[in-house]
Amino acid sequence: MNYYSDPQKLYTEALCYLRNDEVASYHKRVIVMLKALVREPRDEQKIIMLFNWLNDLAHKYNHKKEHTKALRILNIMLKLCPTNPITHNNLGVVYLELGKLGLAEKVALKAYQLAPQNDKYLDFLFLIKSMQGKYSEILNESIELINKHPIRALYRTWYGYALQRLNRNEEAIEALKCSIALDNKDTTARVILAESYKKSGQLTEAIEVCKEAHKVNPQETGIIEMLGCAYGRMNDYESAEKTFAKALEQDPYSEYAARGLLLALNKQGKLSDELFNEYKKNINTFCQIRAIENDMKGGEKQ
């Protein structure tokens, strides 16, 4: 690790950032550790402890939407060790929340360059690219990675995703089948495969893939929602109703599942157009009512 060469200057800068703030317990520990590093600037154990505390502090600020403070903490970390991929990745997370996609991509790329063997950095980089519609870039970069590592499922999943977003659904389906064959527990590839089937009008296949994905990861609400959507596209509103209701049991405040359930009920004549339109305008109210109903059902079972 390339540690910051002037710990005394770092300590002075950090003190300015950390003084007079509400997260006093974290700040006290950080400042004590920085003082220790002034005396022993190459103590790796203290560096690791300091990084953990600073990361935790930056995460707390980001969670509280205090992005300026989170950025200041992360910049302290970059000065302490500019070659740490975690810091660059965390900077990307803050920039992403701020809607600064260009900056997010820049630091995410740096994180990936520093640790290309870590899949999470590639995932984050491609996620940011996809948010900017850079599907051709993802496609070309995935092809390069597949040529170097032909049995890595992740690269084929991103390749299939890029093909699907570029409306090359038949190619996407084949690529994603290959990815699943390489990693049978990859629910992401299954979700994208189901979407590819759905976009190409192969709804029966989409339903089967969603069911497989649900078996692999039964806690993923998005998979259940996609299954409900596929049932709706097939005009099987009874199955759609049951599926979206199940999704709401797992995530009581999922707007997507709530809207799907409302539509399924309306299509079956179980919900009047008037109530349907009223609930659509107040989707949170509908979610709250369903959550209360589910709680009461749970109480009855007990």
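Just list whichever of 211/270; 69/100; 69/110; 110/134 have alpha carbons separated by over 24 Å in the model shown.
With Cα atoms farther than 24 Å apart: 211/270.
Charges only on Cβ, +1 for Lys and Arg, -1 for Asp and Glu: so what's the dipole of the stretch 77-137 about the Cα centre, in debye to the nearest 20?
Here the size comes out at about 180 debye.
Pulled fully out, how much extra length does the chain show between residue 219 and residue 174, if you take 0.36 nm times their separation in residues and subtract their Cα-Cα distance?
Details: separation 45, 0.36 × 45 = 16.20 nm, distance 2.65 nm.
Separation in residues times 0.36 nm, less the Cα-Cα distance, equals 13.5 nm.
Normalised by the empirical 2.2 N^0.38 Å for globular proteins, what value does the Cα Rg of the stretch 141-218 take? Don't jump to the answer; show the numbers that get you there.
Numbers: Rg = 11.7 Å, N = 78, 2.2 N^0.38 = 11.5 Å.
Ratio of Cα Rg to 2.2 N^0.38 Å: 1.02.
log₁₀ I(q)/I(0) of the stretch 236-302 at q = 0.16, 0.24 Å⁻¹, via Debye over equal Cα point scatterers, no solvent, to two decimals?
Here log10 of I(q) over I(0) equals -0.50, -1.04.
Where a ≥ b ≥ c are the square roots of the eigenvalues of the C-alpha gyration tensor, would you call the stretch 79-127 rounded, which needs a/c under 1.5, or, failing that, prolate if a/b is larger than b/c, or oblate?
Cα axes put the stretch 79-127 in the oblate bin.
Of 237, 159, how do they rank once you tally other Cβ atoms within 10 Å and put the fewest first?
Result, fewest neighbours first: 237, 159.
By count of other Cβ within 10 Å, fewest leading, how are 158, 53 ordered?
By the 10 Å Cβ count, ascending: 53, 158.
Can you flag which of 148/246; 65/185; 120/280; 65/281 are past 32 Å Cα-Cα?
On the way: 148/246 42 Å; 65/185 35 Å; 120/280 37 Å; 65/281 28 Å.
In this structure, 148/246; 65/185; 120/280 exceed 32 Å between Cα atoms.
Charges only on Cβ, +1 for Lys and Arg, -1 for Asp and Glu: so what's the dipole of the stretch 236-302 about the Cα centre, in debye to the nearest 20? Present the calculation step by step, with values, prior to reporting the outcome.
Working: 10 positive and 12 negative charges, 9 e Å.
Around 40 debye, computed over the stretch 236-302.
How do 186, 273, 251, 119 line up, fewest other C-beta atoms within 10 Å first?
273, 119, 251, 186
Toward the positive end of the charge dipole of the stretch 141-218, about the Cα centre and with charges on Cβ (Lys, Arg +1; Asp, Glu -1), which of 196, 146, 184 goes farthest?
Final value for the positive-end residue is 184.
Between residue 68 and residue 250, what length comes free when the chain is fully extended (0.36 nm per residue of separation minus the Cα-Cα distance, one decimal in nm)?
That works out to 62.1 nm of additional length.
Please report the net charge: other residues with Cβ closer than 10 Å to the Cβ of residue 88, K and R +1, D and E -1.
Cβ neighbours under 10 Å give a net charge of +2.
Any read-out appearing in this document is the output of simple, stated calculations on the displayed coordinates, not a laboratory observation. Predicted, not measured: the structure shown is a model, and the values here were computed from it. Don't worry about glycine lacking a Cβ; one is built from the backbone with ideal geometry, like all the others, and counts go over all protein chains shown.
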